[in-house]
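Written out below as structure tokens is the structure these notes cover.
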Amino acid sequence: MGPAVLGIRPEKLQITKDADSGFLTGTIFLIEPLGSDTLLTVLIGQEKLIVRVIGDSALNLNDEVGLSWNLTEQHLFNSTSGLRIS
């Protein structure tokens, strides 16, 4: 079995301007306003994570942000098979 990959739906992530709050810290890399929602791409190290927020976002490119989520909303996947572990 290969290493596990963490999966969280973009709408289940909470994002805050307080980079010290949350499980992860990242930087706003891309902002995509879609009308009723906005997709924020957050750069965490070399990885990109997409966060979906309702409406417009008050965040700007290069803002440092904190990310958190309800642990019951996360899923682990086998990186080799793609199958859900938990």
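Read the figures in this text as sums done on the coordinates, not as results from a lab. Treat the numbers as computed from the prediction; the structure is a model and nothing was measured. Don't worry about glycine lacking a Cβ; one is built from the backbone with ideal geometry, like all the others, and counts go over all protein chains shown.
Observations
- T41 meets all of the listed conditions (1) surrounded by 15 or more Cβ atoms within 10 Å (Cβ to Cβ); (2) in a loop (DSSP other than H, G, I, E, B); (3) among the hydroxyl-bearing types (S, T, Y) but one, namely (2).
- Cβ pairs under 8 Å, 6+ apart, first in the range 9-28 and within 11 Å of S68 (Cβ to Cβ) and touching a residue at least 24 places away in the same chain (Cβ under 8 Å), second assigned to a strand (DSSP E or B) and of a type in the set (D, E): T25/E64
- If the condition is being surrounded by fewer than 12 Cβ atoms within 10 Å (Cβ to Cβ) and closer than 13 Å to L6 by Cβ, then the range 51-78 contributes only L71.
- Against the list (1) of a type outside the set (S, T, Y); (2) loosely packed, with under 10 Cβ neighbours inside 10 Å; (3) free of Cβ contacts under 8 Å to residues at least 24 places away in the same chain, the condition K48 fails is (2).
- Tally of residues being among the small types (G, A, S) and either in contact with a Lys or Arg (Cβ under 6 Å, 6 or more places away or on another chain) or without any contact (Cβ under 8 Å) to a residue 12 or more places away in the chain (or both) across the range 29-44: 1
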